[in-house]
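Visitor: Structure below; questions to follow.
The values are calculated or read from the model by the stated rules, or taken from the named source; none is laboratory data. No experiment lies behind these values; they were computed from the predicted model shown. Quick reminder, even Gly has a Cβ in these numbers, built from the backbone with ideal geometry, and neighbours come from all protein chains shown.
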Protein chains: 4
Amino acid sequence: MDGDQVPGHIKSVKRIGISSKWDDNAIELAGEIYRYLCNKGIDVVLEDDIATRIGEKGIRIRRMNVDILICVGGDGTLLRALQKTSSLPEPPAVLGINIGTLGFLTDVPMDRATEVVGGLLKEYEVFERERLSLSIDGYGLPPATNEVVLVTAQPAKMLRYVVYVDGQEMEHLRADGLVIATPTGSTAYSMSAGGPIVDPRVLSMLVVPLAPFKLSARPWVVPMNSKVEVELSVEKEALVVVDGQYTRTLKKGEILSVTRHDKPARFVKVGEVSFYEKVRKELS
Amino acid sequence: MDGDQVPGHIKSVKRIGISSKWDDNAIELAGEIYRYLCNKGIDVVLEDDIATRIGEKGIRIRRMNVDILICVGGDGTLLRALQKTSSLPEPPAVLGINIGTLGFLTDVPMDRATEVVGGLLKEYEVFERERLSLSIDGYGLPPATNEVVLVTAQPAKMLRYVVYVDGQEMEHLRADGLVIATPTGSTAYSMSAGGPIVDPRVLSMLVVPLAPFKLSARPWVVPMNSKVEVELSVEKEALVVVDGQYTRTLKKGEILSVTRHDKPARFVKVGEVSFYEKVRKELS
Amino acid sequence: MDGDQVPGHIKSVKRIGISSKWDDNAIELAGEIYRYLCNKGIDVVLEDDIATRIGEKGIRIRRMNVDILICVGGDGTLLRALQKTSSLPEPPAVLGINIGTLGFLTDVPMDRATEVVGGLLKEYEVFERERLSLSIDGYGLPPATNEVVLVTAQPAKMLRYVVYVDGQEMEHLRADGLVIATPTGSTAYSMSAGGPIVDPRVLSMLVVPLAPFKLSARPWVVPMNSKVEVELSVEKEALVVVDGQYTRTLKKGEILSVTRHDKPARFVKVGEVSFYEKVRKELS
Amino acid sequence: MDGDQVPGHIKSVKRIGISSKWDDNAIELAGEIYRYLCNKGIDVVLEDDIATRIGEKGIRIRRMNVDILICVGGDGTLLRALQKTSSLPEPPAVLGINIGTLGFLTDVPMDRATEVVGGLLKEYEVFERERLSLSIDGYGLPPATNEVVLVTAQPAKMLRYVVYVDGQEMEHLRADGLVIATPTGSTAYSMSAGGPIVDPRVLSMLVVPLAPFKLSARPWVVPMNSKVEVELSVEKEALVVVDGQYTRTLKKGEILSVTRHDKPARFVKVGEVSFYEKVRKELS
């Protein structure tokens, strides 16, 4: 399983990075994986903060020029790593090790971590998922793997906004906010807001209002190649949150623009569980 | 229409108060109504802030010992007035004059304000609506006419909470928040969160999760005479917002308790539009 | 457990009836329970069809003048028994023995049948649930314990209908149909149609459209003491189905009238599982 | 407007067919359009039944070898014409004249019929919409422009079925039925069943359960190039209804198979109303 017997394929993994949630169990497991890979003779680097904690040297995620980036924690840890590596010329494929109970993106349970990581040293398969490219008045934000959310900066005070698709007005709403999600994100926040479950192969974005004050508001599915724009229509400040990891404010007059990102997120494939099986197991 | 011909009934309105939204149009209209009533010889008092603005003397809403309190603005103005008068021994009946486009509780449009107010001087009818009594660890909050909302204090970060009904666990959820509404509030925030429309005569509370991360979460309807309790199950701070007007924090370990309030909200009845007709007109 | 030790309480059960689904396993179990009760010296009667099948004498359910009516099968068996005994001067309390996988009303699993039945001979507790009284142009239908459903008689062809509450128009819809449910029925068909879960103590009816062709249609909750009337507004025939057991046609011009039934359904109480616990277990 | 000035473009319409709903107003209007086109010297043919009614000769829709097929009636008339012409080597582009109040596909109101038809004689633009190819155990059904619906043949009795996507089990449900829709159909029956609104440019199918007896059931969006299969899992008969126009039964053991149809539906473009504008106007 650990691939030692097939040295010809070991070349396919040249360098591995390790990132972790800021949590004792996660950091401990990250250290174990680090030592396991060192012992295997793999070129492995640790995220700087984690490295310091366990008495090693590390580098920042943004500089991790690796093939695979192992993320120990939950979906948030993985999404953060995808954001931080997105501007690298060749972003790594990520692998999530799940230390808790929930994880739609982090497939590998704690107790199978070294077994699974060992199995990748021989060869590994990568699958890709579309991301959203985001900007506010031309200023770029990190790409979204799951979703970008517009929410009121004052809890329990509604926003008013207009959504345009390819320049056409789609909807004018009073609502708590708005979720614009990828198919990958259809099983995350978008689902909570009432959106449909979308097969990741459908080239589309989901546009789902959060608690709209309008009986007839519905989730929308628009082409991934469309340009979706959102503008506030009242003098309130809103927050734009990307994958629950990055936050910026949006003011009236500014336009949040959402398009297809040119570099998909890359994931290390583990196991053969289909999308549909996963939804049934995790979300029912 | 203004009732002068039937002096015997004028006695039924002894004193009228006037409150207003902090908005130029609203304050101007409040002044007009004030002068109109003074000219009619009615004993009328203005809310202190508004009075100062228009060069009159006024008193605080909390001290308005009046029969009718006219609220110029929107639903928010009315809800605020209901909160502030709730601890008076005999809270006034409120009448909402709507200066904007939306108003489920504020029936009277600007241009009919003096006509309607004049019509009440002869006699007026009052209808009542159930309210919710709220407390956090025994500390009382103002009663809710529409709803109490629990929301995360950090936008786009989910809460975890448990809801109990009469001591029985009802639901354990990860969600953006929770709405507990009266039937009157079923056409307000609760509706945005996906709750049903409830005839005000049904003695019930609505318990509606906000963007729950669980496919099987549903709105609940529980008896108005039940005790609903909510407790956070993670170390995050939440906000408790009453009718969009009053906010307090809820910490882990504290319990938000919701029961039937002993004094219903009192509204001046204007016109004969049925609840069902209103829902069709305002919300479709 | 079988109560022999406390003869003073045996009097409380004078006579027991047994009904069953038309299914081999159910009939066999009905026979076992019958023999078990005969051996205990209980006065017990079998439903006529079942009796014939197992070589005994029986009587029709409509004539079962018993204290408890044991129904072996699923929720449908129980609902049918409640319908058929509804015109008796003193309808029995029903007890459902569940031979399959689902049963919100039939609490007792097959393998605990005689144990539970034995436990009742000493004493038993009854709880009541509100029912709906139904009529079409004055012609009475059996009362509904869960719901009455209006559906198109031609599959996939929409109906058009108007709903009135206490004479006020509530809604005019094009839809597949309409569910009018009790709180007890809120966990049955009404739930499938998108209705809220209603605590059985809330004196209310649910009015839930089936696949309405209108984005703004919503479930409604109306007072149990209201009169709900439904009328077709096109020349199509619809079916009126009571608890999935009784069907009649409704023509244009006829009015389906729904009010509170004067005799609640009576259930034998088994165990101490709360309503909320049951919903979480059965429906999530 | 009628294009006489630009004779070079008149050639683009060589032949026009006219179909109509079986309704007096529709047939009368069909006759008017027929005579209008005859007077213009256009080669025009009438549907046989309609022709007989107005004393002309006609041919069956299935044989209408025309460029444009004008359909007078509602969406149903148009959908029927699309079905009946689907096996022609070069199916016509359809144009819907709406004689009633609703019509998402039939854009042209009665009173603008000849004006619009006249405008097409010079030149006309066609847009295409994806359709679904349907078969039951290899036996082909007409293609679906809006949706195929699986419903119980016995009203108010639930079905049980399994849905597979590309051979993977997607969902196992008890429900009233299932809608499998195109994006075009997302504003029709699928919407009533709770599905999202899908931009017609998204290459996808919607899979939406009808009144599922499962709190966690959700609408799904799957790739248009996938194969969706549905199989009953109980011994009940179901009906398969294509665009509300064509019905067949489905028995246990048979498989309904849904794939992308190779020939899209072709519509004559009228006006410049965007999809989003139309949804806001027609469905709110």
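Visitor: Can you pull out every residue in segment B:125-138 that is modelled with pLDDT of 95 or more, surrounded by fewer than 22 Cβ atoms within 10 Å (Cβ to Cβ) and within 22 Å of B:Lys236 (Cα to Cα)?
Guide: Scanning segment B:125-138 gives B:Ser135, B:Ile136, B:Asp137.
Visitor: Next question, about the same structure. Determine which member of the set B:Pro183, B:Pro143 is crowded, with 23+ Cβ neighbours inside 10 Å, under 25 Å from the mean Cα position of the chain (by Cα) and farther than 30 Å from C:Val208 by Cα.
Guide: B:Pro143
Visitor: Now for a different question. Out of D:Ile197, D:Ile180, I need the residue that is β-branched (Val, Ile, Thr) and more than 8 Å from every other protein chain (Cβ to nearest Cβ). Which one? Walk me through how you get there before you give the answer.
Guide: Working: D:Ile197 fails: more than 8 Å from every other protein chain (Cβ to nearest Cβ).
That would be D:Ile180, the only listed residue that is β-branched (Val, Ile, Thr) and more than 8 Å from every other protein chain (Cβ to nearest Cβ).
Visitor: State yes or no: is C:Gly244 under 20 Å from the mean Cα position of the chain (by Cα), not assigned by TED's automatic domain parsing to the domain that holds C:Ala93 and not in a strand (DSSP E or B)?
Guide: yes
Visitor: Cβ contacts < 6 Å: first residue more than 22 Å from C:Ser12 (Cβ to Cβ) and not assigned by TED's automatic domain parsing to the domain that holds C:Val270, restricted to segment C:50-72; second residue of a type outside the set (S, T, N, Q) and not in a helix (DSSP H, G or I), any location; separation 6+ or different chain. Result?
Guide: Listed pairs, sorted by first residue: none to list.
Visitor: Being of a type in the set (A, V, I, L, M), in a loop (DSSP other than H, G, I, E, B), crowded, with 23+ Cβ neighbours inside 10 Å and not assigned by TED's automatic domain parsing to the domain that holds D:Leu95 narrows it down to one of D:Val207, D:Val234, D:Val221, D:Val202, so name that one.
Guide: Among D:Val207, D:Val234, D:Val221, D:Val202, only D:Val202 is of a type in the set (A, V, I, L, M), in a loop (DSSP other than H, G, I, E, B), crowded, with 23+ Cβ neighbours inside 10 Å and not assigned by TED's automatic domain parsing to the domain that holds D:Leu95.
Visitor: Inside segment A:246-284, can you point out the residues that are within 14 Å of another protein chain (Cβ to nearest Cβ), closer than 24 Å to A:Val108 by Cα and of a type in the set (A, V, I, L, M, F, W, C)?
Guide: Correct list: A:Val273, A:Phe275, A:Val279, A:Leu283.
Visitor: Follow-up. Can you tell me which residue among B:Ser216, B:Ser257 is part of a loop (DSSP other than H, G, I, E, B), of a type in the set (Ser, Thr, Tyr) and surrounded by fewer than 23 Cβ atoms within 10 Å (Cβ to Cβ)?
Guide: Result of the check over B:Ser216, B:Ser257: B:Ser216.
Each row is one residue, and each column tells you yes or no for (1) part of a strand (DSSP E or B); (2) β-branched (Val, Ile, Thr).
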position: B:Arg174; (1), (2): yes, no
position: B:Ser226; (1), (2): no, no
position: B:Val230; (1), (2): yes, yes
position: B:Thr249; (1), (2): yes, yes
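Visitor: Run down B:Val45, B:Val72 and say which single residue is out of contact with any helix residue (DSSP H, G or I) (no Cβ under 7 Å at 6 or more places or on another chain) and at pLDDT 95 or above.
Guide: B:Val45
Visitor: While we're here: Could you identify the single residue in C:Tyr189, C:Tyr139 that is aromatic (Phe, Trp, Tyr) and at the interface with another protein chain (Cβ under 8 Å from one of its Cβ atoms)?
Guide: One residue alone meets the criteria, C:Tyr189.
Visitor: Scanning segment C:93-124 for residues that are under 14 Å from the mean Cα position of the chain (by Cα) and assigned to a loop (DSSP other than H, G, I, E, B), which turns out modelled with the highest pLDDT?
Guide: So the residue we want is C:Leu105.
Visitor: Would you be able to say whether some residue in segment C:211-224 is within 30 Å of C:Asp67 (Cβ to Cβ) and either facing another protein chain (nearest Cβ under 10 Å) or small (Gly, Ala, Ser) (or both)?
Guide: Looking for residues that are within 30 Å of C:Asp67 (Cβ to Cβ) and either facing another protein chain (nearest Cβ under 10 Å) or small (Gly, Ala, Ser) (or both), one finds at least one in segment C:211-224, hence yes.
Visitor: Among D:Glu147, D:Glu130, which is within 14 Å of chain C (Cβ to nearest Cβ) and acidic (Asp, Glu)?
Guide: D:Glu147 is the lone residue from the list that is within 14 Å of chain C (Cβ to nearest Cβ) and acidic (Asp, Glu).
So that you can scan it fast, the table gives a plain yes or no per residue for (1) of a type in the set (S, T, N, Q); (2) in contact with a strand residue (DSSP E or B) (Cβ under 9 Å, 6 or more places away or on another chain); (3) under 24 Å from B:Phe127 (Cα atoms); (4) crowded, with 23+ Cβ neighbours inside 10 Å:
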| position | (1), (2), (3), (4) |
| --- | --- |
| B:Ala26 | no, yes, no, yes |
| B:Leu29 | no, yes, no, yes |
| B:Gly41 | no, no, no, no |
| B:Arg60 | no, yes, no, no |
| B:Val72 | no, yes, yes, yes |
| B:Ala81 | no, yes, yes, yes |
| B:Thr85 | yes, yes, yes, yes |
| B:Pro91 | no, yes, yes, no |
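Visitor: Which one of these does A:Ala153 not meet: (1) closer than 28 Å to B:Thr249 by Cβ; (2) within 25 Å of the chain's Cα centre (by Cα); (3) within 14 Å of chain C (Cβ to nearest Cβ)?
Guide: (3)
Visitor: So, of the residues in segment A:50-62 that are assigned to a helix (DSSP H, G or I), in contact with a helix residue (DSSP H, G or I) (Cβ under 9 Å, 6 or more places away or on another chain) and not small (Gly, Ala, Ser), which turns out to be nearest to A:Ser87 (Cα to Cα)?
Guide: A:Arg62
Visitor: Then there is this: Just wondering, is there one or more residues in segment D:217-226 that are without any contact (Cβ under 8 Å) to a residue 12 or more places away in the chain and out of contact with any Lys or Arg (no Cβ under 6 Å at 6 or more places or on another chain)?
Guide: Restricting attention to segment D:217-226, the residues satisfying the condition of being without any contact (Cβ under 8 Å) to a residue 12 or more places away in the chain are D:218.
Next, from what is left, pick out any that are out of contact with any Lys or Arg (no Cβ under 6 Å at 6 or more places or on another chain): D:218.
Yes, that holds for at least one residue.
Visitor: Could you list, in sequence order, all residues of segment C:75-106 that are touching a residue at least 60 places away in the same chain (Cβ under 8 Å), in contact with a helix residue (DSSP H, G or I) (Cβ under 9 Å, 6 or more places away or on another chain) and among the hydrophobic types (A, V, I, L, M, F, W, C)?
Guide: Answer for segment C:75-106, where residues must be touching a residue at least 60 places away in the same chain (Cβ under 8 Å), in contact with a helix residue (DSSP H, G or I) (Cβ under 9 Å, 6 or more places away or on another chain) and among the hydrophobic types (A, V, I, L, M, F, W, C): C:Ala81, C:Val94, C:Leu95, C:Ile97, C:Ile99, C:Leu102, C:Phe104, C:Leu105.
Visitor: Continuing with the same structure: State all residues of segment D:264-284 that are assigned to a loop (DSSP other than H, G, I, E, B) and either at pLDDT 95 or above or in contact with a His (Cβ under 7 Å, 6 or more places away or on another chain) (or both); if no residue qualifies, say none.
Guide: D:Pro264
Visitor: Follow-up. Filter segment C:144-170 down to residues that are in contact with a helix residue (DSSP H, G or I) (Cβ under 7 Å, 6 or more places away or on another chain) and part of a strand (DSSP E or B), then give me how many there are.
Guide: Within segment C:144-170, the subset in contact with a helix residue (DSSP H, G or I) (Cβ under 7 Å, 6 or more places away or on another chain) is C:145-147, C:149, C:165, C:168-170.
Subsequent filtering for residues that are part of a strand (DSSP E or B) retains C:147, C:149, C:165, C:168-170.
Of the residues in that region, 6 qualify.
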